[in-house]
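Written below as structure tokens is the structure these notes are about.
The values are calculated or read from the model by the stated rules, or taken from the named source; none is laboratory data. All of these numbers come straight from a predicted model, not from anything done at the bench. Note that we place each Cβ from the backbone using ideal geometry, even for glycine, and neighbour counts take in every protein chain shown.
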């Protein structure tokens, strides 16, 4: 077994930090929509809800969603659409976010103001 170089260690640390980042509001909304759609959601529906293709691609890249093409007939013509589904990791990310407690910024500022006033 060869020892890791500092560059490899740094790269692994960066990857771990990226995994621990919290979901943004848009990503959370997209995952909520995917969780409600069973078992998957057509990409045009996500786009209609304001979810951008870059967001969908990012969720797939991070392993939070899957994307599969499906051939359907529209007016007698074959059309290929993409169906997007949530993964177990995506469901866990939603659960993790819902259990987080956030302290509003104004509460911290109020505490400092109260300390100065006393």
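Would you mention how many residues in the stretch 48-74 are closer than 22 Å to residue 97 by Cα and surrounded by fewer than 14 Cβ atoms within 10 Å (Cβ to Cβ)?
Looking only at that region, the number is 7.
Results for (1) in a helix (DSSP H, G or I); (2) in contact with a strand residue (DSSP E or B) (Cβ under 7 Å, 6 or more places away or on another chain); (3) surrounded by fewer than 17 Cβ atoms within 10 Å (Cβ to Cβ); (4) modelled with pLDDT of 95 or more, shown as yes or no for each residue.
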{"position": "29", "(1), (2), (3), (4)": "yes, no, yes, no"}
{"position": "39", "(1), (2), (3), (4)": "no, yes, yes, no"}
{"position": "46", "(1), (2), (3), (4)": "yes, yes, no, no"}
{"position": "79", "(1), (2), (3), (4)": "no, yes, yes, no"}
{"position": "92", "(1), (2), (3), (4)": "yes, no, yes, no"}
